[in-house]
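Contents: one structure, followed by commentary.
The values are calculated or read from the model by the stated rules, or taken from the named source; none is laboratory data. Remember, it's a predicted structure, so these values are computed and weren't measured experimentally. We place every Cβ from the backbone using ideal geometry, glycine too, and count neighbours over all the protein chains shown. Surface areas here come from the heavy atoms of the whole protein model, side chains and all, with no ligands, DNA or RNA. Shrake-Rupley method; radii C 1.70, N 1.55, O 1.52, S 1.80 Å.
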Amino acid sequence: MDWHHRTARTTDPSPPALDGELRFDQLAREQAADDFGHIVHTEPEAVLLPGSADDVAETIRWAAKRGRTFAPQGQRHSVWGRSGARHGIVADMSTRRSVGRVQNDRIVVGAGATWREVLAATLPRGKTPPVLTDYLDLSVGGTLVVGGVGGTTSRYGVQSDRVLSMDVVTGTGQTITCSARSNTDLFDAARAGLGQVGVITEATLELVAAPEQVRRFVLFYPDLAGMLTDARLLSSAAGFDAVQGAILAAPTGGLSFQLDVAKFFTGNPPDDDLLLAGLSDDPVRRTPGTIAHVDYLERLAGLEAALRANGHWFHPHPWLTTFIGDSHVESVVDDELGRVDPATDLGRFGQIVLSPIRTGAITSPLLRTPSEGLCFAFNFVRVPTTADPDNAHRLVESNRAVYERIRNAGGTLYPVSAFPMSPGDWRRHFGSEFHRLDEAKQKFDPDHVLTPGYDVFEGMPHDGVSRRRAAPG
Ligand SMILES: Cc1cc2nc3c(=O)[nH]c(=O)nc-3n(C[C@H](O)[C@H](O)[C@H](O)COP(=O)(O)OP(=O)(O)OC[C@H]3O[C@@H](n4cnc5c(N)ncnc54)[C@H](O)[C@@H]3O)c2cc1C
């Protein structure tokens with residue numbers, strides 16, 4: 001038991017009566033201190049296992065009274081301690097993972113459910129959320145607060161664009177239902193708002209018809225310019241449903257430039273010649289295939305299994321995720337490729353993602369993309385072959401430098417990256433939309449109780465103690 005723990009337990013109001021459990025033991029606190037990044041460790045004072053949405057509200061009020069912070073944790077797949085609350089209270093939202101029945105065009109789910117669990121309910125009924133992250137073991141709440149980018153984002157936007165309504169517990173412990181029609185200020189600040197205004201406990205997700213099969217091709221290019229030319233062509237045509245690009249270390253040395261393109265269908269297969277007309281990839285290396293839609297959604301499973309087997313899954317993950325506008329993409333990426341050493345900076349299983357995204361479909365106001373109709377997700381998915389913390393910190397420093405070059409070229413951050421951002425950086429990041437988040441913060445979390453890990457606001461505590469003094473118990 002550490003000093004903070006003892007002080008809190010002996011002098012503060014008793015924990016509330018709960019349907020679930022509040023754990024103070026070392027094991028629970030240590031587990032909650034880590035995330036997928038394995039770089040930042042923020043040990044909380046206690047871990048809430050909420051047995052109800054009311055537990056979340058009660059515990060937020062209790063934390064606030066004691067001047068403590070509170071952060072919900074989904075699957076802890078953040079890479080820079082964003083779901084941590086040092087000496088504060090964290091909530092393991094995986095206890096709130098109920099998945100309701102499919103109701104034609106929607107489904108109601110607990111925010112702690114993973115996208116895999118949502119799909120398990122919807123696919124047997126022929127339905128799917130329109131946008132899915134490439135990796136399915138992320139929580140609904142954890143992705144709604146960052147946006148949630150997937151292969152179909154050019155058509156449907158991000159996941160937070162396709163949520164119909166949410167139940168949100170605010171920083172004052174009030175439970176509010178919000179949507180595009182009611183409590184819109186909360187709705188717009190909660191979606192892609194980095195958990196700053198409330199804890200999502202339940203979400204009503206939009207559903208569309210799921211295709212049965214996918215015609216998929218991997219296309220290979222000799223260089224960046226060729227890859228970008230086809231990425232632009234493919235993203236402006238109606239043909240493929242998903243266009244995702246990657247730059248990897250080639251087994252023969254040098255870099256491999258490739259596009260992974262997918263056409264969804266049910267019934268007759270699409271016409272390959274029509275889909276691929278005008279492309280300039282190497283036709284000899286083109287890899288076609290037809291797979292079940294569910295297998296397409298599981299396309300990262302093999303990589304995850306390999307990384308778990310060789311241990312790299314458990315190494316630090318100093319990832320960088322950004323968006324860069326089409327007008328700058330070639331020069332910026334070319335410059336970064338000249339700086340990167342694939343073996344040490346990405347790892348044998350790492351890659352640079354370079355995927356075209358049409359920004360017109362994205363409507364969540366706080367999801368910041370470059371002000372161009374076409375941008376590219378430009379991500380350094382670093383998978384170090386070593387667990388060495390010095391190596392991870394070197395890459396974190398590199399992330400900051402790359403981010404600044406991207407920002408100077410009009411690019412934006414996709415806020416799941418591993419490097420520190422100051423409140424000033426966030427203000428600049430949100431730009432003309434910062435007022436929206438700021439006003440909502442003042443209204444819904446005036447004492448700055450929620451989600452300190454993002455460090456969005458001046459005066460956010462680093463020691464788990466809120467900026468304002470504890471109110472009398
Ligand atoms: C292997 C892997 C693959 C990924 N693939 C994609 C991808 O394809 N597309 C994409 O967009 N992103 C992807 N990401 C990034 C991922 O979407 C974000 O890191 C996301 O925030 C993680 O979700 P989580 O459930 O693990 O949330 P956590 O890491 O637990 O939390 C993330 C943030 O959300 C807050 N939060 C969690 N739950 C709630 C809630 N219920 N209400 C309010 N705030 C909450 C936390 O406090 C924290 O600030 C990937 C990450 C990994 C590690």
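Does the range 268-294 hold any residues that are in a loop (DSSP other than H, G, I, E, B) and open to solvent by less than 50 Å² (accessible area, probe 1.4 Å), and which are they?
First, the residues of the range 268-294 that are in a loop (DSSP other than H, G, I, E, B): 268-271, 277-286.
Answer for the range 268-294, where residues must be in a loop (DSSP other than H, G, I, E, B) and open to solvent by less than 50 Å² (accessible area, probe 1.4 Å): Pro270, Leu279, Asp281.
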Considering only strands (runs of 3 or more DSSP E) fully contained in the range 308-384, which possess at least 2 residues that are among the β-branched types (Val, Ile, Thr)? 320-325, 351-358
Which residue pairs have Cβ atoms under 7 Å apart, sit 6 or more places apart or on different chains, and have a first residue in the range 76-90 that is in contact (Cβ under 8 Å) with a residue 24 or more places away in the chain and a second that is among the aliphatic types (A, V, I, L, M) and near the ligand (Cβ under 6 Å from one of its atoms)? His77/Leu138; Ser78/Val416; Val79/Val416; Ser83/Ala71; Gly84/Ala71; Ala85/Ala71; Gly88/Ala71; Val90/Ala71
Quick one: which of Ala192, Ala203 is of a type in the set (Gly, Ala, Ser), touching a strand residue (DSSP E or B) at 6+ places or on another chain (Cβ under 9 Å) and in contact (Cβ under 8 Å) with a residue 12 or more places away in the chain? Ala203
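What about Gly173, is it away from the ligand (no atom under 13 Å from the Cβ), touching a residue at least 24 places away in the same chain (Cβ under 8 Å) and surrounded by fewer than 17 Cβ atoms within 10 Å (Cβ to Cβ)? Even if it seems obvious, please write down each step before you answer.
Details: away from the ligand (no atom under 13 Å from the Cβ): yes; touching a residue at least 24 places away in the same chain (Cβ under 8 Å): yes; surrounded by fewer than 17 Cβ atoms within 10 Å (Cβ to Cβ): no.
The answer is no for Gly173.
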Being farther than 19 Å from Arg299 by Cα, not in a loop (DSSP other than H, G, I, E, B) and not assigned by TED's automatic domain parsing to the domain that holds Asp295: is that true of Gly84 here? no
Keeping to the range 149-170, report how many residues are open to solvent by 40 Å² or more (accessible area, probe 1.4 Å) and in a loop (DSSP other than H, G, I, E, B). 1
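If we scan the range 254-265, do we find a residue that is open to solvent by 60 Å² or more (accessible area, probe 1.4 Å) and not acidic (Asp, Glu)? Write out each step before concluding.
Residues of the range 254-265 that are open to solvent by 60 Å² or more (accessible area, probe 1.4 Å), as a first pass: none.
Checked against the condition, which is being open to solvent by 60 Å² or more (accessible area, probe 1.4 Å) and not acidic (Asp, Glu), the range 254-265 yields no hits at all.
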Is it true that Ala91 is open to solvent by less than 20 Å² (accessible area, probe 1.4 Å), more than 9 Å from the ligand (Cβ to nearest atom), among the hydrophobic types (A, V, I, L, M, F, W, C) and modelled with pLDDT of 95 or more? no
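Assess whether Ala343 counts as being of a type in the set (A, V, I, L, M, F, W, C) and modelled with pLDDT of 95 or more.
Values: of a type in the set (A, V, I, L, M, F, W, C): yes; modelled with pLDDT of 95 or more: no.
Considered against the rule, which asks whether it is of a type in the set (A, V, I, L, M, F, W, C) and modelled with pLDDT of 95 or more, Ala343 comes out as no.
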Residue match in the range 183-196 (condition: of a type in the set (Ser, Thr, Tyr) and within 13 Å of the ligand (Cβ to nearest atom)): no
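Which one of Glu45, Glu21 is touching a strand residue (DSSP E or B) at 6+ places or on another chain (Cβ under 9 Å), under 13 Å from Arg86 (Cβ atoms) and away from the ligand (no atom under 13 Å from the Cβ)?
Working: Glu21 fails: under 13 Å from Arg86 (Cβ atoms).
Only one candidate passes the filter, namely Glu45.
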Residue pairs, Cβ under 7 Å, 6 or more apart or interchain, first in the range 309-322 and open to solvent by less than 10 Å² (accessible area, probe 1.4 Å), second assigned to a helix (DSSP H, G or I) and among the hydroxyl-bearing types (Ser, Thr, Tyr). List them. Leu320/Tyr403; Thr322/Tyr403
Any residue in the range 212-233 that is open to solvent by 10 Å² or more (accessible area, probe 1.4 Å) sitting within a Cβ distance under 8 Å of a residue that is basic (Lys, Arg)? List the pairs, counting only those 6 or more apart or interchain. Arg215/Lys263; Arg216/Lys263; Val218/Arg286; Phe220/Arg285; Phe220/Arg286
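Would it be correct to say that Ser327 is surrounded by 13 or more Cβ atoms within 10 Å (Cβ to Cβ) and out of contact with any helix residue (DSSP H, G or I) (no Cβ under 8 Å at 6 or more places or on another chain)? Outline the logic, then answer.
Numbers: surrounded by 13 or more Cβ atoms within 10 Å (Cβ to Cβ): yes; out of contact with any helix residue (DSSP H, G or I) (no Cβ under 8 Å at 6 or more places or on another chain): yes.
Judged against the criteria, Ser327 is a match.
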The one condition in (1) modelled with pLDDT of 95 or more; (2) open to solvent by 10 Å² or more (accessible area, probe 1.4 Å); (3) among the small types (Gly, Ala, Ser) that Ala63 fails to fulfil: (2)
Based on what the data block shows, is Asp390 more than 30 Å from Ala309 (Cβ to Cβ), in a helix (DSSP H, G or I) and either touching a Gly at 6+ places or on another chain (Cβ under 8 Å) or free of Cβ contacts under 8 Å to residues at least 24 places away in the same chain (or both)? no
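Filter the range 403-430 down to the residues that are part of a helix (DSSP H, G or I) and in the same structural domain as Glu336 (by TED's automatic domain parsing), then identify the one that is most open to solvent (accessible area, probe 1.4 Å).
Filtering the range 403-430 for residues part of a helix (DSSP H, G or I) gives 403-408, 423-430.
If we keep only those that are in the same structural domain as Glu336 (by TED's automatic domain parsing) too, we end up with 403-408.
Numbers: Tyr403: 4, Glu404: 72, Arg405: 74, Ile406: 0, Arg407: 41, Asn408: 122 Å².
Ranking the qualifying residues of the range 403-430, first place goes to Asn408.
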Any residue at all in the range 351-362 that's loosely packed, with under 14 Cβ neighbours inside 10 Å and not aliphatic (A, V, I, L, M)? yes
Working only within the range 102-148, note down all residues that are part of a helix (DSSP H, G or I), open to solvent by 40 Å² or more (accessible area, probe 1.4 Å), in contact with a strand residue (DSSP E or B) (Cβ under 8 Å, 6 or more places away or on another chain) and away from the ligand (no atom under 14 Å from the Cβ). Ala120
